[in-house]
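In what follows, a single structure is set out as structure tokens and then discussed.
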Amino acid sequence: MAGSNKANITPPRWLLAELTYSCPLQCPYCSNPLDYAKYPSELSTEDWKRVLSQARKMGAVQLGFSGGEPLTRQDLPELVKHARELSYYSNLITSGYGLDEEKIIRLKNAGLDHIQVSIQASTQELNDHLAGTESFQHKKQVAHLVKKHGYPMVLCVVIHRENIHQIQQILEMAEGLGADYLELANTQYYGWAHLNRDLLLPTKEQFLEAEKIAQAFKEKVAGKMKIYYVIPDFYEDRPKACMNGWGTTFLTIAPDGTALPCHSARELPGLDCPNVKDYSIEEIWNESKAFNFFRGDDWMKEPCRSCDEKHKDYGGCHCQAYLLTGDMYNADPVCSKSPEHHVIEEAIQAAKQVANDPNEAPLIFRNTKASKKFF
């Protein structure tokens with residue numbers, strides 16, 4: 001490990017509060033860890049308030065309430081109110097399941113700034129299949145209620161092989177719901193999505209056709225709806241910048257209080273991720289082994305070390321490097337300069353073969369016995 005000079009450490013700007021791993025949905029691309037059941041404990045209301053206060057004092061201004069499903073936390077309105085008192089810009093990242101008009105009003109009165117609702121597909125049959133829950137009609141009702149109560153209608157649809165054929169219908173659905181923003185988030189293959197990658201990864205031809213349709217629709221609705229098309233890593237020749245730079249911008253707090261430089265960092269060996277029950281946010285951000293692990297570029301191996309793009313992508317995603325090559329110090333294999341780039345090509349080929357196999361195994365759905373009670 002070799003971190004940057006501490007004089008160069010910038011404060012966190014974005015705090016992701018993963019309030020719970022509990023969720024009534026069972027999406028096969030869930031970003032929660034596969035072994036989330038090993039972490040049943042959750043921070044108390046007072047612990048979360050302390051975390052919000054300390055992170056805000058450090059400089060964090062954007063706050064995401066996430067999960068699992070954050071609506072399962074009975075104290076969500078109280079936490080939103082505390083965030084408002086601290087002058088955060090707060091965003092609820094939700095499936096919408098369990099949200100109704102009364103709760104939207106309570107959250108609005110508490111000071112919530114933003115609601116992002118996810119939908120799995122453009123049809124009830126496919127949406128409910130992917131979610132593992134009969135939720136499609138309810139999600140559409142929530143979308144209308146969000147708009148009714150003065151929020152921008154922000155819709156997120158995770159795109160993969162199971163729904164990419166519906167891209168035109170998904171766009172039309174978003175327009176029909178009055179969406180102001182639509183994020184077409186091509187699946188990033190971590191957590192449950194990594195487990196199901198061969199069944200979820202579209203072909204390049206499917207991806208290019210979907211992108212073409214999305215770009216054409218973007219021109220059609222220009223000025224009415226903004227569309228963000230998140231390109232999948234596997235069809236890029238350069239990796240994304242890991243969290244805008246490790247330990248520079250983003251701070252994630254898991255439900256049990258573990259502080260993470262990114263939401264998947266639990267998977268990396270030897271980080272010794274600290275817990276907010278034991279250390280302050282300032283100590284975690286500035287002093288901890290985990291947050292200094294990949295700061296700077298002293299850790300870099302070739303080809304990253306001598307690459308003229310290393311301060312643009314920071315070597316890419318360490319979690320992806322670890323999942324695909326077994327070495328988190330390797331260049332992200334998405335990069336065409338990586339000696340391990342062949343694993344991406346092999347993954348694409350494997351997914352294509354599975355897609356053509358009439359006896360392909362079924363998706364493995366996240367399954368939870370967690371409470372489905374909502375605040």
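The values are calculated or read from the model by the stated rules, or taken from the named source; none is laboratory data. This structure is a prediction, so every number in the text was calculated from the model and none was measured. We place every Cβ from the backbone using ideal geometry, glycine too, and count neighbours over all the protein chains shown. In case anyone asks, the SASA skips ligands and DNA or RNA and just uses the protein heavy atoms, side chains included. Shrake-Rupley method; radii C 1.70, N 1.55, O 1.52, S 1.80 Å.
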- Dipole magnitude (debye, nearest 20) for the stretch 23-76, charges at Cβ of Lys, Arg, Asp, Glu: 260
- In whole percent, what relative contact order does the stretch 100-146 give with Cα contacts below 8 Å and a gap of six or more residues? 41
- Per-peptide average of other Cβ atoms within 10 Å, ordering 277-285, 102-110 highest first: 277-285, 102-110
- Largest to smallest principal axis extent of the C-alpha atoms in the stretch 177-281, angstrom: 52, 33, 26
- Just how much of residue 348 is accessible, in Å², when a 1.4 Å probe is used and the result is rounded to the nearest 10? 40
- Query: Give me the log10 of I(q) over I(0) for the stretch 90-193 at q = 0.17, 0.22 Å⁻¹, as the Debye formula computes it from C-alpha points; what are the numbers?
  - Reply: -0.75, -1.19
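How much of the accessible area of the stretch 177-277, in percent, comes from carbon and sulfur atoms when a 1.4 Å probe is used? Kindly include the intermediate steps, with their values, before the conclusion.
Numbers: 2050 of 3910 Å².
On the stretch 177-277, the fraction of accessible area on carbon and sulfur atoms equals 52 percent.
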- Percent of beta bridges antiparallel (DSSP, the stretch 166-299, rounded to nearest 5): 40
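Over the Cα atoms of the stretch 194-250, Rg to Rh with Kirkwood Rh, two decimal places?
Radius of gyration relative to Kirkwood radius: 1.07.
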- Would you mind telling me the antiparallel percentage of the DSSP bridges in the chain, rounded to 5? 10
- List, in the order given, every pair from 108/212; 81/277; 289/373 whose Cα-Cα distance in the structure shown is over 28 Å. 108/212; 289/373
- Mean separation of Cα contacts under 8 Å, 6 or more apart, over the residue count of the chain: relative contact order %: 23
- Taking max minus min of the Cα coordinates of the stretch 63-112 on each principal axis, largest first, gives extents in Å of 27, 21, 15
- Lys, Arg +1 and Asp, Glu -1 on Cβ, resulting dipole of the stretch 214-304 about Cα centre, debye, nearest 20: 640
- Query: If you place +1 on the Cβ of every Lys and Arg, -1 on the Cβ of every Asp and Glu, and leave all else neutral, what size is the dipole of the chain about its Cα centre, to the nearest 20 Debye?
  - Reply: 1060
- Query: How much net charge surrounds residue 80 when only the other residues with a Cβ under 13 Å from the Cβ of residue 80 are counted, with Lys and Arg +1 and Asp and Glu -1?
  - Reply: +3
- Query: If you bin every alpha carbon distance in the stretch 291-367 into 5 Å steps from zero, what whole percent lands in each bin?
  - Reply: 3, 14, 21, 17, 14, 11, 8, 7, 4, 1
- Can you give the Kirkwood hydrodynamic radius of the stretch 212-371 from its Cα pairs, in Å with one decimal? 18.3
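What's the long-distance tail for the stretch 18-129, i.e. % of Cα pairs beyond 19 Å? Let's see the in-between values first.
On the way: 2990 of 6216 pairs.
Result for the distance tail: 48 percent.
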- For the stretch 252-291, what ratio Rg/Rh do Cα atoms give with a Kirkwood hydrodynamic radius? 0.91
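In what sequence, highest mean first, do 250-262, 216-228 appear when ranked by Cβ atoms within 10 angstrom?
Working: 250-262: 23.2, 216-228: 13.7.
Descending mean neighbour count gives 250-262, 216-228.
With the Cα gyration tensor of the stretch 119-255 in hand, convert its eigenvalues to equivalent ellipsoid semi-axes via √(5λ) and list them largest first in whole Å. The partial results should precede the final answer.
Details: eigenvalues 112, 72, 65 Å².
So the three semi-axes of the stretch 119-255 are 24, 19, 18 Å.
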- Message: Could you tell me how far the Cα centroid of the stretch 49-124 sits from the Cα centroid of the stretch 176-202, in Å?
- Response: 21
- Determine how many Å³ per residue the convex hull of the Cα atoms of the chain encloses. 138
